[in-house]
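The values are calculated or read from the model by the stated rules, or taken from the named source; none is laboratory data. All values reported here derive from a predicted model rather than from experimental measurement. Cβ coordinates were reconstructed from backbone atoms using ideal geometry, including for glycine residues, and neighbour counts include every protein chain displayed.
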Ligand code: UDX
């Protein structure tokens, strides 16, 4: 099939390469000429394991190309995916819909033959119905341009795997006028569906809600365990052991019960806020009030680590040297959007600490958003003469650290394990002051 993907960020670029891998002819579209130029050379402008290989393979085979020209994409493809961002509006909770709207305003007037438009972006419920109406108004081909909603659940760091082997596919269609959308989507994903991947076809609103509900649930799970961590800390409990114990209950499950610095990134934080904002507009704000608490528990983790650090260095951060290991919002990603690690580093810096940050992949992005912070070129430089080491992102390189790696370098043997990822007893046995979150309480 001939496919276009609008937006070439983490989602769009991966989806475009994934569709080529499934055997389709694909064009990726973006308004950023620099991105398009790099992608056309087979270069991925962000860190995503496995994607550079996949991209190069299909750029070289000629099955995948990139353009800034929407008219080219409209003329070429019969299926158009929308994978542009819906970031948080500055100073508000709502999602910024301007990029999604712009794709429709640009693409729809160019549709002169039957086409299927499939939304992947995370949007407030009701968006798809509004866009379907707008496409109808703008497309020369009229009702033969049809919209479906096909939310994406990919995780950064596993984006290729999640695209090629998703645990389920969801499609929202206009139930009053379903047309050919389901048929087309079955053809697009034929290889995936042949493996008996669950395929849930719903109305447009349900499909939109599936995505935000999934993210709200994951965020709630993380904040739940972090709330319990707060109780563990004042009562002498150990949240990691507790999570293991409750996680064996199949109804609960151990995944996403990792207590620590909490969630960040380009999705979970802004999605729960946009969900609350939308519920408010729909007059059911009370239904999602609990998400406000989920958000506050999460943000409290960052303050908590700063307070822990202050305590560990003797009451004042001013003039102390602190190594922050990690800047990305999670390992296997160079994404620093709403990163708990970078937030903590910034707060320590503001409190007067001399902070040295090191991250295996996210240094350039971190420097771009927080240029006033100090970055070390490697782990050794970051921890040299440190009065305190904070592990803020659980990269393998940090998880695998053993006390003797740092012993001769640091000024004081103190570590805060912001992701509960170190072997605590080993650090304690080596004479370090070890502080986990929700465990080994001070
Ligand atoms: C998330 C959803 O998982 C994905 O389905 C959706 O499509 C986009 O949003 P992503 O943002 O890539 O994906 O990251 P995810 O792996 O979900 O982690 C989110 C945040 O939660 C990270 O900051 C991570 O460190 C944190 N987290 C995760 C915890 O603090 N504890 C956990 O147990 C799990």
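Which ranges mark the strands (runs of 3 or more DSSP E) fully within region 328-442 that have 3 or more residues being in contact with a strand residue (DSSP E or B) (Cβ under 7 Å, 6 or more places away or on another chain), over 15 Å from residue 264 (Cβ atoms) and away from the ligand (no atom under 16 Å from the Cβ)?
354-358, 433-436
Would you mind finding the one in 311, 321, 301, 254 that is surrounded by fewer than 16 Cβ atoms within 10 Å (Cβ to Cβ), touching a residue at least 60 places away in the same chain (Cβ under 8 Å), within 22 Å of residue 422 (Cβ to Cβ) and in the same structural domain as residue 398 (by TED's automatic domain parsing)?
The conditions single out 311.
Consider residue 233 against the criteria (1) surrounded by fewer than 17 Cβ atoms within 10 Å (Cβ to Cβ); (2) part of a helix (DSSP H, G or I): it satisfies all of them except one. Which criterion is unmet?
Checking residue 233 against (1) surrounded by fewer than 17 Cβ atoms within 10 Å (Cβ to Cβ); (2) part of a helix (DSSP H, G or I), the one that fails is (1).
Yes or no, residue by residue, for (1) farther than 25 Å from residue 237 by Cα; (2) surrounded by fewer than 20 Cβ atoms within 10 Å (Cβ to Cβ); (3) under 22 Å from the mean Cα position of the chain (by Cα):
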{"residue": "351", "(1), (2), (3)": "yes, yes, no"}
{"residue": "409", "(1), (2), (3)": "yes, yes, no"}
{"residue": "423", "(1), (2), (3)": "no, yes, no"}
{"residue": "436", "(1), (2), (3)": "no, no, no"}
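Kindly provide the set of residues from region 265-309 that are within 22 Å of the chain's Cα centre (by Cα) and assigned to a loop (DSSP other than H, G, I, E, B), ordered by number.
Within region 265-309, 265, 266, 267 meet the criteria.
For region 280-287, check the following and say yes or no: at least one residue is at pLDDT 95 or above, surrounded by 13 or more Cβ atoms within 10 Å (Cβ to Cβ) and either closer than 29 Å to residue 327 by Cα or within 8 Å of the ligand (Cβ to nearest atom) (or both).
No, the conditions are met nowhere in region 280-287.
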